[in-house]
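Note sheet for the following structure.
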Amino acid sequence: MFQHTLTWISNHDDRWLFTVLYVGLAVVLSLWISLFWLVAVVAVHGWLEWVALGQRGMRQNRLLHVLWHIKLDIGLVISALCLGVYMEAIFGVLGLSAATRTGAQATARFASWQHVIRGALLTADDVAQVAKAIAARKNGNSKPLQEDAISTHPWRDAWSLGDWIGIVFIALFTTCIVIAPIATDQSILDVLSILAADLHPWP
């Protein structure tokens, strides 16, 4: 049973059960509770990669390998946080900032727009996950990971489109968050407060 579980973890990226659970939990928990749970789902994915790499005998640069593998997920989290920061600024211009959103209708409208836009971002990542699983099935790449060659430094290999998207997401949206106090009328404390609220486990 234990060995079967390890085998499943080693091949989790090619498993439909993982894809369905990952997509479902990422969307439902993050949209209807908070982004904290998206971070939690991504962390679980990272842990699965850590175990899978251990099964393949990977010891050197193991953490970097994990971060490289889930970089698109990390970029997605950062983009969702960035959206929260700038949505506050945009709706503030429209008179719906946190300080003035006192009406139930305005609050509901603000939350609805955040859900729609964040849902679009999450769906983009989820489509990529599903497409990856389908491609793996078509190519018959569901063999144990121990049989595959592993690059010592995958970030030095030729980058795929997914690699570029993940890195651009991380760089672009991290920069946007850092410069938010300059690009908007929000203070550093305001930005940190928004990030803390978004990452609180409960709404």
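The values are calculated or read from the model by the stated rules, or taken from the named source; none is laboratory data. Model, not experiment: these values are computed from the prediction. Keep in mind that these areas ignore ligands, DNA and RNA; they rest on the heavy atoms of the full protein, side chains included. Shrake-Rupley method; radii C 1.70, N 1.55, O 1.52, S 1.80 Å.
Could you identify the single residue in 77, 27 that is assigned to a helix (DSSP H, G or I) and either closer than 20 Å to residue 163 by Cα or among the polar types (S, T, N, Q) (or both)? Let's see the steps before the verdict.
On the way: 27 fails: either closer than 20 Å to residue 163 by Cα or among the polar types (S, T, N, Q) (or both).
One residue alone meets the criteria, 77.
Taking only the stretch 156-203 into account, find how many residues are open to solvent by 90 Å² or more (accessible area, probe 1.4 Å), over 18 Å from residue 75 (Cα atoms) and in a helix (DSSP H, G or I). Total meeting the criteria: 5. The residues in the stretch 56-80 that are within 13 Å of the chain's Cα centre (by Cα) and either of a type outside the set (Val, Ile, Thr) or farther than 17 Å from residue 11 by Cα (or both) can be counted, and the count is 13. Taken together, 67, 53 contain a single residue that is open to solvent by 10 Å² or more (accessible area, probe 1.4 Å), farther than 30 Å from residue 176 by Cα and modelled with pLDDT of 80 or more, which is 53.
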